[in-house]
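**Q** I'd like to ask some things about the structure below.
The values are calculated or read from the model by the stated rules, or taken from the named source; none is laboratory data. No experiment lies behind these values; they were computed from the predicted model shown. Here the Cβ is made from the backbone with ideal geometry for all residues, glycine too, and neighbour counts use every protein chain on show.
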Amino acid sequence: MKMTRKEFLDWPNKAITLLGMSGVGKTTLANKLPKSQWFHYSGDYRIGTKYLAEPILDNIKQQAMQVGFLRDLLRSDSIYIASNITVHNLTPVATFLGKIGRADLDGLSVAEFKHRQRLHREAEIGAMKDVAQFIEKAKELYGYEHFINDAGGSICELDDPEVLTVLANHTLILYIKADPVMEQTMIQRAIDHPKPMYYQEEFLDEQLALYLREAGLAGADEIAPDEFVRWVFPRLLAHRRPRYQALADAHGYTIDARAVGAIDGEADFLALVGAALD
């Protein structure tokens, strides 16, 4: 959605989509806005609680069934298992995605990893298509004035025209752009704490082949999962950067991540967005 600064400031029920890599400050920004007025829609939360809820639970149960004590209790219906997904705790979603590599290090086979990646892609598409109905639900059912869509970091890789149509028609799209120094911080964070990520399949195939050659490994089943995540993250960041920018150029606006980090409340946020629209 394109608009002038005045149109944005006069917009009675603002609806905004935040784009950017995980760790760039999307959720932190959403949490700085008044919770009584802004409905915080987390794409990852929607993915975990609706579209991947059953596969996530099945994965947890599969792990529990490998423990004899828990297996007997589950089979006799003596206990039940539930995932406690919140906007601030999306670990079950990450755990389901997993990492590719050695089984003895909890890695997944290429086939299983790609299967979960495809499920995540479809789930993210569904969660983003739900944005339009949640904008109305937030306003009509819950009484929120404004809406902020905290989109997942992989949204730039979905390549789904319907998702773009929904977001561009119903929200103001803001790309939170990290500078080189912040990108290095994000890379270091990924090195220190490697987390499961979504990769476009073509990108994954290219990077896997390159990593196996560089590491001198015969196959993906020899990969140390964390080491591959550490190695691939800078390449993933470079792969996504122009994709975010292309989305912002075509359908929205770009704001500086450093400026976002300095925001102290709603007034600062609206001023920053207004400046970007100018």
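**Q** Given the criterion of a type in the set (D, E), more than 13 Å from L237 (Cα to Cα) and crowded, with 19+ Cβ neighbours inside 10 Å, identify the matching residue among D150, D160, D192.
**A** On the way: D160 fails: crowded, with 19+ Cβ neighbours inside 10 Å; D192 fails: crowded, with 19+ Cβ neighbours inside 10 Å.
Only one candidate qualifies: D150.
**Q** Out of all the residues in segment 236-250, which are within 24 Å of K195 (Cβ to Cβ) and surrounded by 12 or more Cβ atoms within 10 Å (Cβ to Cβ)?
**A** So the first thing to find is which residues in segment 236-250 are within 24 Å of K195 (Cβ to Cβ), and the list is 236-245, 247.
Result: L236, L237, H239, R240, R241, R243, Y244, Q245, L247.
**Q** A further question follows. Among (1) without any contact (Cβ under 8 Å) to a residue 24 or more places away in the chain; (2) touching a Lys or Arg at 6+ places or on another chain (Cβ under 8 Å); (3) among the hydrophobic types (A, V, I, L, M, F, W, C), where does A111 come up short?
**A** (2)
**Q** Which one is farthest from L74 (Cα to Cα) among residues in segment 1-60 that are among the aliphatic types (A, V, I, L, M) and part of a helix (DSSP H, G or I)? Give the steps one after another, and end with the answer.
**A** So in segment 1-60, the residues among the aliphatic types (A, V, I, L, M) come out as 1, 3, 9, 15-16, 18-19, 21, 24, 29-30, 33, 47, 52-53, 56-57, 60.
Subset that is part of a helix (DSSP H, G or I): 9, 29-30, 47, 53, 56-57, 60.
On the way: L9: 55, L29: 41, A30: 39, I47: 26, A53: 18, I56: 16, L57: 13, I60: 12 Å.
Ranking the candidates gives L9 first.
**Q** While we're here: Out of all the residues in segment 33-50, which are more than 19 Å from G98 (Cα to Cα), hydroxyl-bearing (S, T, Y) and surrounded by fewer than 21 Cβ atoms within 10 Å (Cβ to Cβ)?
**A** The answer is S36, and nothing else.
**Q** So is K139 out of contact with any helix residue (DSSP H, G or I) (no Cβ under 8 Å at 6 or more places or on another chain), of a type in the set (D, E, K, R), crowded, with 16+ Cβ neighbours inside 10 Å and in a helix (DSSP H, G or I) or not?
**A** yes
**Q** Could you list, in sequence order, the residues of segment 71-116 that are touching a Leu at 6+ places or on another chain (Cβ under 7 Å) and among the aromatic types (F, W, Y)?
**A** Hit for segment 71-116 is F96, nothing else.
**Q** So, in segment 46-67, how many residues would count as being farther than 22 Å from G252 by Cβ, modelled with pLDDT of 90 or more and of a type outside the set (A, V, I, L, M, F, W, C)?
**A** Matching residues across segment 46-67 total 6.
**Q** Hey, any hits in segment 102-109 for a residue that's closer than 27 Å to H88 by Cβ, touching a Gly at 6+ places or on another chain (Cβ under 6 Å), part of a strand (DSSP E or B) and modelled with pLDDT of 95 or more?
**A** yes
**Q** Take A123 and tell me if it is in a helix (DSSP H, G or I), in contact with a helix residue (DSSP H, G or I) (Cβ under 7 Å, 6 or more places away or on another chain), of a type outside the set (S, T, N, Q) and surrounded by 13 or more Cβ atoms within 10 Å (Cβ to Cβ). Please lay out each step first, then the result.
**A** Values: in a helix (DSSP H, G or I): yes; in contact with a helix residue (DSSP H, G or I) (Cβ under 7 Å, 6 or more places away or on another chain): yes; of a type outside the set (S, T, N, Q): yes; surrounded by 13 or more Cβ atoms within 10 Å (Cβ to Cβ): yes.
Considered against the rule, which asks whether it is in a helix (DSSP H, G or I), in contact with a helix residue (DSSP H, G or I) (Cβ under 7 Å, 6 or more places away or on another chain), of a type outside the set (S, T, N, Q) and surrounded by 13 or more Cβ atoms within 10 Å (Cβ to Cβ), A123 comes out as yes.
**Q** If I ask for residues that are hydrophobic (A, V, I, L, M, F, W, C) and within 30 Å of T17 (Cβ to Cβ), which ones from segment 42-75 would you list?
**A** Across segment 42-75, the qualifying residues are I47, L52, A53, I56, L57.
**Q** Give me the pairs, please: first residue somewhere in segment 21-47 and in contact (Cβ under 8 Å) with a residue 60 or more places away in the chain and on the phi > 0 side of the Ramachandran plot, second residue anywhere and part of a helix (DSSP H, G or I) and small (G, A, S), beta-carbon distance under 7 Å, and either six or more positions apart or on two chains.
**A** From segment 21-47, the pairs are G25/A257; G25/G261.
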